[in-house]
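The values are calculated or read from the model by the stated rules, or taken from the named source; none is laboratory data. Treat the numbers as computed from the prediction; the structure is a model and nothing was measured. Cβ atoms come from the backbone with ideal geometry, glycine included; neighbour counts cover every protein chain shown.
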Amino acid sequence: MNAMTLLAAGASPVNVQLISLITTIVVFLLFFFAAAYLVWPKILSGLDERELKIRREIESAEEARAEAAESLKRQEAELNESRREATERLAKAKADAEHVASELRRKAEVELHSMREQASKEIQAAKEAAIADLNAQAGGLATEIAGRILQREISAADQQDLINESLQSFAGHNN
C-alpha cells in the first residue's frame, strides 16, 4: 500500500513509519546481539589467530635473518682464514722454491768448480806429459846430433845441414 491509500483509510503516516522504525530497530538489535555473541567472537578469534600466525612468521623470519647474518659472518671469517692460510702457504712455497733454487745453484757452482779444477789438473798433466815427451825427444835428438858430430868433423855448412836435418827429423816425429 502506498501512503495515499493509508491516508484514505484513516491511518496516520507517523504511526506507520514509527512501527517500521521500531521494527527495524528491534531487528537490528537482535541481529547486532546475535552477531556480537555468535559471529563477532569467531571473527575476532580468527583475526587473533591470524595476527598470532603473522607474528610467529615475522619472528621466524627475524630468527632466520639473524641466523643468515651469523652464518654470513662465519663464512666471511672462514674465507678470510682460508685466504690467510693460502697466502701463508704461497709464501712458504715461494720461500721453499727459493731455498731449493739457491741450493741447486750452490751445488752447480761446487760441481762447476770441481769440474774446472779437474780440467785444470788434466790440462796440467797433459802439459807436463807434453813437456816430458818434448824433453825426451829433444834429448834423443841432442844425443843423435852429438853422435853425428862426433862421427865427423863439422864445417859451418855441415853444421847448418845438421841443424836442418835435425829440425826436419824433429818435425817428422811431431806429425
Has the range 6-21 got any residue that is surrounded by fewer than 10 Cβ atoms within 10 Å (Cβ to Cβ), part of a helix (DSSP H, G or I) and modelled with pLDDT of 90 or more? no
Show the residue pairs that are 6+ apart or on different chains and have beta-carbon atoms under 7 Å apart, the first residue being within the range 44-71 and of a type in the set (Lys, Arg), the second being surrounded by 10 or more Cβ atoms within 10 Å (Cβ to Cβ). none
Taking the condition surrounded by 10 or more Cβ atoms within 10 Å (Cβ to Cβ) and either polar (S, T, N, Q) or at pLDDT 95 or above (or both), does residue 59 pass? yes
